[in-house]
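Shown next, in structure tokens, is the structure this report addresses.
The numbers here are math on the coordinates, done by the rules we state, and not lab data. Keep in mind it's a predicted model, so treat the numbers as computed, not measured. Every residue, glycine as well, gets a Cβ built from its backbone with ideal geometry; the counts of neighbours run over all protein chains shown.
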Amino acid sequence: MTAATPDASQPAVPYGTPEAPRIAVRGEARLEVDPEIARIGITVAARGRDRRSALDDLTRRNAGVLDLIKSYGDAVERLETGAFSITPELTKHGRGERVRTYHGSVRVTAELTDFTALGELTTRLADLDLTRVDGPWWALRPDSPAHREARKKAVREAVQRAREYADALGTTLSALVELADIGAESTPPSYPQAPGRMRSAAYAGTAEDTPAPLDLEPQRQRVHAQINARFTMVPPEL
């Protein structure tokens, strides 16, 4: 069914007329599917008595983390290095302050499509000193077939609903006037940056005997599509 071509003989109004009554309906679809991507955040830390030693240690640790992640090849779909910082820790010394030590950190994010590799990789990362792993966060690709299927189901529901209303009036649909995707301008969900469930005890500088357990069970993803549709109808014989 295609949108109707405007006719110069008909008034261009957003509402129906007795000669061309309109009907407006809404179609929705909700799906629950397996995730396609798992995203993890890795925070690498370092300490040093001076800025240079802290930077050198951080560079070495970060390179080791990147090499480890890259060793998983095609299982890693995306790898990014983010925020980097070197911060002095001050301590009281007489009447003034002096730098006690320097703390460095760098943030790395990785997206994986092989969830078997995800379990092994996160375990190896969490075992590294001064390394924290956050996540995983599960998601679908922006072009996932699940989004397309949800939109198609929402359209079919709208058409079916419009036909049922038209049938109740003893008439039929004539043409599609408008189709609006309500979720087209929505912002994709973001990934939280708060510490997650996976963490190396060495990062916190504590003597924890048992690190927090890893929760790597894939979480089903909910896909929602919603559309508004307007149709013209053959004038019913009331």
- [ ] Could you work out how far apart the two model spin labels at ASP127 and ARG26 are, taking each label as a point 7 Å from the Cα in the direction of the beta carbon, and quote it in nm?
- [x] 5.3 nm
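Can you give the local net charge around PRO21? Use residues other than it whose beta-carbon is closer than 13 angstrom to its beta-carbon, Lys and Arg +1, Asp and Glu -1. List each step's numbers first, then the result.
Details: positive: ARG22, ARG230; negative: GLU19, GLU237.
Residues close to PRO21 contribute a combined charge of 0.
Give, in nm to one decimal, the length gained when the segment between LEU79 and ARG148 is fully stretched (0.36 nm per residue of separation minus the Cα-Cα distance).
On the way: separation 69, 0.36 × 69 = 24.84 nm, distance 2.68 nm.
Using 0.36 nm per residue and subtracting the Cα-Cα distance, I get 22.2 nm.
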Open item on the list: Under a crude label model (7 Å from the Cα following the beta-carbon direction), how far is ASP34 from GLU217 in nanometres?
Closed with: 1.6 nm
